[in-house]
Amino acid sequence: MLKRIKNVVVLVLVGLLSLGTIRFVGAEDGVYQGSSGGMQGPITAEITVEDNRIVDITFPENNETISVARVAFERIPQQIIEHQSLSMDAVTGATLSSNAILRAVGEAAEAAGLDVDALKANEVVLTPKEDQEIETDILVIGGGGAGFSAAITAAQEGKNVILIEKSSFLGGNTLMAGDAINAVDTEAQDIMILSESQKDALDRYLELSIDDPELKFDEFPEWQAVLEQLQADITKYYEDTEGTVAGDDMPGFDSVALFMWHTYTGGVRELNDGTWVAPDFELAKTLAEGAFGAVEWMDEVGLEPSYGQDAEAGNGQKGLYTVLGAMWPRTHKFIAGEERIDILEDTAKSAGVEVYKETRGVELITNEDGAVVGIKAVQADGSQITFNTTHGVIIASGGYSANPEMVKEYDDYWGEDLTDRTLSTNVGTNEGDGIIMAQAVGADVVGMEIAQLMPSSSPVKGTMTDGIWADAGSQIWINADGERFVNEYAERDVLARASLEQDNGIFYIIYAGIPDGSGEMLKGSTLEDSLFGNTVENMVNTGHVWYGETLAELAEATQEAAAGQTPSFTEEQLRETIELYNKYVENQLDPDFGKEVLTGAIDLDYIDNTEGYGLVISPRKASLHHTMGGIKINENTEVLDIDGNVIPGLWAAGEVTGGIHAGNRLGGNAIADVFTFGKIAGENAANSEPVE
């Protein structure tokens, strides 16, 4: 609907094109509004028209993620005003926001009486600069966590480093990711209490036999030694904690072997063709052994991870927590969102790294011996740059979850549950460019058959936003009948498969606050509770979740649509499910689905009788989240060709690589992956022999 700020008489308009400037006869001076849907909600544009020209543009309503859309909101209005045009390229990485801005301004222009067709016909054509050739020691492709950790490390080793980023903003998926990184942290475990259900899990590990065919040691015999080491670790832990009681005074437990075992059992999967995949042993070992070093490095650069004796899991709870799909409480928190990227950028620039945004790598350059000695790149205005390197190129350009056609092309796991239009949690630039460039110079790929679906995504956007939940141990997932349907502590692919079996793939998460580690029942959520910077109040007001200060109010709220869903739960349905879950928490036993870690019993009496506290239900649906496949590397992050040989001058780190996670990545392992292997890539490239 168009909104007129000033009453005008709309006259018959004639668009005149003269010397590249469009003027219109008949539009009356004034201020006009138009609106269009962006990525995060409506964008309202307010234009000022003087002398038949758009002379100013503001945005009184805008819910876009500013770190992603900032350049779009700066550049597009400037180009509209300068060229009197509504035809220009979208800003890389902010396509949805760019197009919404143009639609909103177009609607306002129509309200003003301007000739919108003429504005659209006046295409803005950018003029490329002269071709450039730039020399550097190391070129890093990608400005996310892996790229920055590689660039910073290499620069601190004394090398000249240039980092190029395809998007108009830095951060990639590290910008969009949660604040979770897994690492073995024995000091943090010492201040925690091992729960009864965790003790039961350790007992089950001790009972495992290397002859068990379900462990697939016939296919992957190298992993047998990990189980044997794990059993030795648990046995020693029991000896060291003799006399303590789980759930009372028995300290937490973790080890490299347990981390590796979870990575293995979480990732070993059967493909649709009957073959099995498992994590690469050496890469998984490098991750498990090196992740805590990555946490310490993050602390050094100012990302403020919570670890050791000072570890906090949130809501005053000491120690670590379990992010969704992590399988064990080894998850550390750190600075979230745009601030983490600002810190990485500042650290990189302080170390001497040059950063080029909106610069897309298109072709690796090799010498006559097949070594990589540079890259050809193109900028947003079409300018061509050739970067020549003496110590090679590090590819850290991310995965390809924003390219569902590519995911579908390789898929041998999800089948009909995956389409070439499946939504994604990723930034829009994660399209597999780095993988394709590496393949062009002979690089091998591995694990491309499986991509990870994030079950707890927005049904509307595919993002992880617009919903709220606590750690996996306390989550309650229900279907349209108000009943639990899965072990919420399971691996993400297990959760995604179970969720996709529900009506239209929709399920719901009940939230009543964050456990504080005391074992006390949850006392409810306030409207100020938030996740990823979005409050419950805002999520309710924008129609994404339901909130009620009593169970009856919550049930009543679900009679109205949120995120396009109207489950119409009854109070009786919700009460029965919550009270049954509470019983399982009390008994530390889930006979329905075998949930290994049971926390988060909800105090319904307290919530129903205490003003200001309530419960939230978030509708969710699985979307593409992480591509486990990618460029094949060794533990030194050197890229391997199809014959298993190292390609000189080429390294890769982060989601662009494959082999580490195999069939399913554990929650919290992505950030561990990017920083652990990014550091390794930067150090090894910096200390490599020069290649000409």
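The values are calculated or read from the model by the stated rules, or taken from the named source; none is laboratory data. All values reported here derive from a predicted model rather than from experimental measurement. FYI the Cβ positions are ideal-geometry reconstructions off the backbone, even for glycines, and counts take in every protein chain you see. SASA here: full protein model, heavy atoms, side chains in, ligands and nucleic acids out. Shrake-Rupley method; radii C 1.70, N 1.55, O 1.52, S 1.80 Å.
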What distance in nm separates the two pseudo spin-label positions at ASP117 and GLU339, each 7 Å out from Cα along the beta-carbon direction? 5.2 nm
Counting only heavy atoms of the protein chains, get the accessible area per residue of the range 68-190 (1.4 Å probe) and round it to a whole Å² value. 36 Å²
Any residue on another chain or 5+ positions along whose placed amide H is under 5 Å from the amide H of SER383 is listed here as LYS129
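What dipole magnitude, in Debye to the nearest 20, does the chain give about its Cα centre under +1 on Lys/Arg Cβ and -1 on Asp/Glu Cβ? Before the final figure, lay out the partial values.
Details: 41 positive and 117 negative charges, 451 e Å.
It works out to roughly 2160 debye.
Got a sec? What order do ASP200, ASP185 fall in by accessible area at 1.4 Å, biggest, i.e. largest, first? List each step's numbers first, then the result.
Numbers: ASP200 70, ASP185 5 Å².
Sorted descending by solvent-accessible area, the residues read ASP200, ASP185.
Quick check: residue separation of GLN132 and GLU74 times 0.36 nm, minus the Cα distance between them. What number comes out in nm? Working shown, then result.
On the way: separation 58, 0.36 × 58 = 20.88 nm, distance 2.64 nm.
That works out to 18.2 nm of additional length.
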So what's the projected area for the range 620-679, the Cα convex hull averaged over all directions, in nm²? 4.7 nm²
For the range 310-356, just the Cα set please: Rg and Dmax, both in angstrom. 15.2, 41
Sorted by chain and then number, the residues having a modelled amide H within less than 5 Å of the amide H of SER424, at least 5 places away or on another chain, are LEU624
At what distance in nm do the modelled label points of GLU689 and ASP218 sit from each other, each positioned 7 Å from its Cα along Cα→Cβ? 4.5 nm
D (µm²/s, integer) via Stokes-Einstein for the range 446-531, Kirkwood Rh across alpha-carbon pairs, 4 °C, 1.567 mPa s: value 91 µm²/s
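Measure off, as a whole percent, the carbon and sulfur share of the 1.4 Å-probe accessible area of the chain, all protein chains present. Show your work: numbers first, answer last.
Numbers: 12430 of 27520 Å².
Using a 1.4 Å probe with all protein chains present, the chain comes out at 45 percent carbon and sulfur.
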Which part of the range 172-196 falls in the paramagnetic zone of ASP248, meaning amide N under 18 Å from the point 7 Å along Cα-to-beta-carbon? 192-196
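In this model, which of LYS408/LYS632; LYS333/LYS408; LYS236/LYS333; LYS461/LYS523 are farther than 22 Å apart at the alpha-carbon? Mind showing how you got there, number by number?
On the way: LYS408/LYS632 20 Å; LYS333/LYS408 33 Å; LYS236/LYS333 29 Å; LYS461/LYS523 30 Å.
Pairs exceeding the cut-off: LYS333/LYS408; LYS236/LYS333; LYS461/LYS523.
Which peptide among 77-89, 242-254, 677-689, 124-136 comes first, and what is the full order, when sorted by highest mean count of other Cβ atoms within 10 Å?
Details: 77-89: 18.3, 242-254: 14.7, 677-689: 23.4, 124-136: 11.7.
Top of the packing list down: 677-689, 77-89, 242-254, 124-136.
I'm checking a number: the convex hull volume of the Cα atoms of the chain, normalised per residue, in Å³. What is it? Numbers along the way, then the final one.
Working: hull volume 112.3 nm³, N = 692.
Dividing the Cα hull volume of the chain by its residues yields 162 Å³.
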Which distance in Å, rounded to a whole number, links the C-alpha centroids of the range 244-273 and the range 620-676? 21 Å
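Can you tell me the FRET efficiency between SER87 and ASP346 if r is taken as the Cβ-Cβ distance and R0 is 41 Å, rounded to the nearest 0.05?
Computed FRET efficiency for SER87 and ASP346: 0.65.
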Phi-derived 3J(HN,Hα) across the range 110-116 with the Karplus relation (6.51, -1.76, 1.60, θ = phi - 60°), rounded Hz, x for Gly and Pro, is 5, 5, 6, x, 6, 7, 5
Using alpha carbons only, what's the Rg to Rh ratio of the range 182-236 with Rh from Kirkwood? 1.04
In sequence order, calculated HN-Hα J values of the range 671-680 (Karplus, 6.51, -1.76, 1.60; Hz; x Gly/Pro): 5, 4, 4, 5, 7, 5, 7, x, 4, 4
Would you mind checking the range 472-516 for residues with the amide N under 14 Å from a putative spin-label position 7 Å along Cα→C-beta of ASN315? 472-476, 510-516
